[in-house]
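Notes for the one structure printed next.
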Amino acid sequence: MHVRRVTYYGIGWVGVTIPYAASLRTYLNHLPNVVHIRLLGIAGGPTAELMDVCLEKATSLDIDFSSHWTPISSGLPSGEHYTRRNLLTHLRYSTHTFRERLSTRIAWDFRDEYDIESRSLARLIRDMHTTVESLSLPMETAPLSCMQNLEWPRIRCFSLSGRYEFLSPDSQPHLPAVLRRMSSLRMLRVQARQHPAFLRAPVLGRSPRVLAEMMELRSLTLAYPDPEDAIFHLNTPLSLRDEPRRYLDPQDANYAAIYCPLLKASECLSILRKFATPSLESLELVYEADHVENDLLRHLSSYPRLVRVELHRYRAPNDQSEVPYITVTTILSSITSLQSLHLNLNFCEMPPVRCVDPGICRAWPILRDARAQEILAIMQCCPKLEYVALLDPRYQCCTWVEYRPQWYPGALIDFDEDLLRADSDWVPYG
């Protein structure tokens with residue numbers, strides 16, 4: 001058989017003992033050409049034996065705890081139990097955005113788990129640093145102190161998500177030192193919630209020493225960045241965002257510590273003014289509106305190749321004014337190169353995720369469609385426009401509803417009923 005990719009589904013409940021390793025080995029014995037294995041829903045984390053099976057058969061491994069209802073996983077087995085050296089070229093170890101909130105609801109000691117997880121990832125990474133091309137890790141357990149002492153000659157894509165979690169008061173971010181070792185990096189994504197001691201943790205820091213090694217970067221996504229970070233002197237497709245998404249806030253005091261202060265519109269503008277290139281094609285901005293918002297939006301028309309814009313606009317605390325969506329859209333319509341526009345304008349009428357008020361839930365789609373048609377009518381002066389998308393809350397996440405101009409030959413509205421364009425993780429129950 002010519003199957004090259006396998007997804008192996010586990011039982012998503014802690015305490016259920018399943019012989020995963022033997023079962024997976026049996027399947028793989030009949031699939032000799034497999035190079036990619038995805039482990040999904042392995043409650044409690046993969047065992048050392050299961051990891052050995054994966055490392056024996058695959059060069060690409062995806063360990064996913066993000067899409068099932070189990071409590072926080074107990075991570076990978078501790079490093080000293082591995083028996084097989086790996087030569088992975090791709091590794092993605094993904095966890096749920098709210099995993100520590102899930103765990104505290106059952107009194108789980110996740111600091112112990114973080115220590116195990118970090119040591120296990122360090123063991124994996126020491127073996128693969130000369131072969132890996134794509135690496136995605138949770139920030140809270142990524143072994144950056146180990147990684148900064150290794151060379152990464154082939155890595156093209158590096159992604160960190162989750163949150164900064166310093167296990168000792170003297171700990172400092174090691175990310176600038178790690179990036180200095182990644183001379184072939186093309187895509188960098190740091191979607192991490194900040195530590196209280198570093199509300200704007202450094203990526204490269206304010207010294208441009210690493211810039212020479214990163215001139216080939218082609219995509220940059222950062223959550224809550226420092227506007228003065230040296231990385232903004234690089235010219236690359238840019239996303240300045242939040243993590244987790246601010247619209248997921250379930251108005252629960254237990255989640256208050258998760259959300260960090262957003263960049264102001266003025267801070268976003270100061271970052272963009274460092275971009276001297278006309279070649280910017282894709283831009284995402286998440287910001288809190290202030291007195292320079294219109295200047296920020298006008299600045300976007302200075303990028304003649306800009307084809308995709310995504311804006312998440314939030315009002316300042318205690319600001320109850322109407323959203324100036326007509327003004328926002330009118331300014332954006334001057335970007336004549338635009339092909340797609342994604343807007344989350346934080347309308348007062350938009351229901352929260354997991355809305356329980358039937359009246360609000362029924363009223364929103366009508367209002368959403370009406371606003372979308374107003375926005376689309378303004379944006380149709382952009383000759384290359386393919387669609388405008390508005391954020392829409394669904395059962396436990398949000399997705400994008402696309403509205404297409406009248407000249408489009410197919411359906412003019414795509415509601416994304418299957419959540420193929422979901423913008424976030426689901427929100428756990430309170």
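For this structure, a couple of remarks:
- Selection count, region 191-219, where residues are open to solvent by less than 40 Å² (accessible area, probe 1.4 Å), at pLDDT 80 or above and touching a Lys or Arg at 6+ places or on another chain (Cβ under 6 Å): 2
- Scope region 399-409; condition within 16 Å of Lys384 (Cα to Cα) and either touching a residue at least 24 places away in the same chain (Cβ under 8 Å) or of a type outside the set (Ser, Thr, Tyr) (or both); matching residues: Glu402, Tyr403, Arg404, Pro405, Gln406, Trp407, Pro409
- Against the list (1) in a loop (DSSP other than H, G, I, E, B); (2) over 19 Å from Leu262 (Cβ atoms), the condition Ile331 fails is (1).
- Taking the listed residues Asn294, Asn346, the one that is open to solvent by 10 Å² or more (accessible area, probe 1.4 Å), at positive phi and either modelled with pLDDT of 95 or more or not aliphatic (A, V, I, L, M) (or both) is Asn346, with no other qualifying.
- The single residue among Arg123, Arg111 that is assigned to a helix (DSSP H, G or I), surrounded by fewer than 16 Cβ atoms within 10 Å (Cβ to Cβ) and at pLDDT below 90 turns out to be Arg111.
- From the options Arg245, Arg313, Arg308, Arg241, residue that is in contact with a helix residue (DSSP H, G or I) (Cβ under 8 Å, 6 or more places away or on another chain) and charged (D, E, K, R): Arg313
- The numbered conditions (1) at pLDDT below 90; (2) outside any loop (DSSP other than H, G, I, E, B); (3) open to solvent by 10 Å² or more (accessible area, probe 1.4 Å); (4) under 25 Å from Pro304 (Cα atoms) are all true for Ser270 except (1).
- Flag for Gln396 being over 28 Å from the mean Cα position of the chain (by Cα) and touching a residue at least 24 places away in the same chain (Cβ under 8 Å): no
- In the set Arg354, Arg368, Arg404, only one residue is surrounded by 13 or more Cβ atoms within 10 Å (Cβ to Cβ) and closer than 21 Å to Tyr259 by Cβ; that residue is Arg354.
The values are calculated or read from the model by the stated rules, or taken from the named source; none is laboratory data. Please read all numbers here as calculations on a predicted model, not as lab measurements. Don't worry about glycine lacking a Cβ; one is built from the backbone with ideal geometry, like all the others, and counts go over all protein chains shown. Heavy atoms of the whole protein, side chains included, go into the accessibility calculation; ligands, DNA and RNA do not. Shrake-Rupley method; radii C 1.70, N 1.55, O 1.52, S 1.80 Å.
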